[in-house]
Each structure stands twice: as structure tokens, then as C-alpha cells.
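The values are calculated or read from the model by the stated rules, or taken from the named source; none is laboratory data. For clarity, every value in this text was computed on a predicted model and none was experimentally measured. FYI the Cβ positions are ideal-geometry reconstructions off the backbone, even for glycines, and counts take in every protein chain you see. Ligands, DNA and RNA are stripped out before the accessible areas are found, and what is left, the full protein with its side chains, is counted by its heavy atoms. Shrake-Rupley method; radii C 1.70, N 1.55, O 1.52, S 1.80 Å.
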Amino acid sequence: MTATPSWVAPAIAQARVARLATTGPDGVVRLVPICFAIVEERVVSAVDHKPKSTEKLHRLDDISSSRVATVLIDHYDDDWTQLWWVRIRGAAQLHSDDELLVAQARAALIAKYSQYQAEPPGGPVYSVALDELRAWRFHKP
């Protein structure tokens, strides 16, 4: 990650949900909420046991074909002085189960989300490199 404001890492660590944006071969942008963690300068996530409308997830196909994705992590509050967002764009990849990053990603997700302690995410692990990071938070001049 390039030099980022000091508030970014703690904000990301506390955030509970992010939005993953991928682009299909037809140019259509797909946006989906994800559970996530940061491991080795990558946003990591895994397909979990929550019900899905299909087993053929476009996000996985999009990552495989385009090899790039964007992640938006944000915080909304009725007190607008608490608003912030972080947008990460980078190389995206699906990982094979024998990669060390997969074990690290699953462990980080289990540590972050108590729901995963009873049923860890067992599906494919994917990641987005922190190649480009933009951040904003409310600042009163």
C-alpha cells in the first residue's frame, strides 16, 4: 500500500462489510457485498455457506477473466462527521487451496467474523491487491 492516512488501517479493520465490483466480458459491472479481511497487502474473501441464488458466481468468472477488481469499504452514520470510505483497485485472483494465502485468508476471516467460527468459509478464496487506494473522510476545514 502506498502512503495512506493513519486512520485508514484501523477503519478497514473495524469495517464489517465491503462491496466487490467486477466486470464481466460483456462490460457489465457487477457489485456484491462481501465479508473480507486484509492479508499481505490484499483484500481477501471466500465463498461461504450463506445462501446464494446460484452456485455459478459471476464474481469468480469475472476475476478469472479480467484479473482486476475494485473494493469499496465505507462507513455511514447519521452524524456526517463520521463518514468515510476507502476504495481499493488492484489485480484480482482466485487462489488454489494449496497456496499459503488461502490458509491465512481463512484464518483472518474466522478471526474477524464470529459467524465463521462455527462454520468456516470453505469455498474458493479470492483476493484483490492493494495496488491503488483512495480514501476520504469527513473533514471540516
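Points worth noting:
- Over the chain, Cα pairs under 8 Å with separation of 6+ residues give a relative contact order of 30 percent.
- Cut-off 12 Å between beta-carbons: net charge of the residues surrounding Asp62, Lys and Arg +1, Asp and Glu -1: +2
- Coordinate range of the alpha-carbon atoms in the range 5-70 per principal axis, descending: 38, 26, 18 Å.
- Considering only Cα atoms, the convex hull volume of the range 54-141 works out to 148 Å³ per residue.
- At the residue level, Glu99 shows approximately 60 square angstrom of accessible surface with a 1.4 angstrom probe and all protein chains present.
- Accessible carbon and sulfur surface of the chain relative to its total accessible area, %, 1.4 Å: 55
- Rolling a 1.4 Å probe across the protein heavy atoms gives the chain an accessible surface of 58 Å² per residue.
- The string of couplings for the range 103-116 from the Karplus curve (6.51, -1.76, 1.60, θ = phi - 60°) is 5, 5, 5, 4, 4, 5, 5, 5, 5, 7, 10, 4, 4, 7 Hz, one whole number per residue in order, with x for Gly and Pro.
- Accessible-area ranking of Leu72, Leu100, Leu57, largest first, probe 1.4 Å: Leu100, Leu72, Leu57
- Between the range 26-48 and the range 51-99, the alpha-carbon center distance in angstrom: 3
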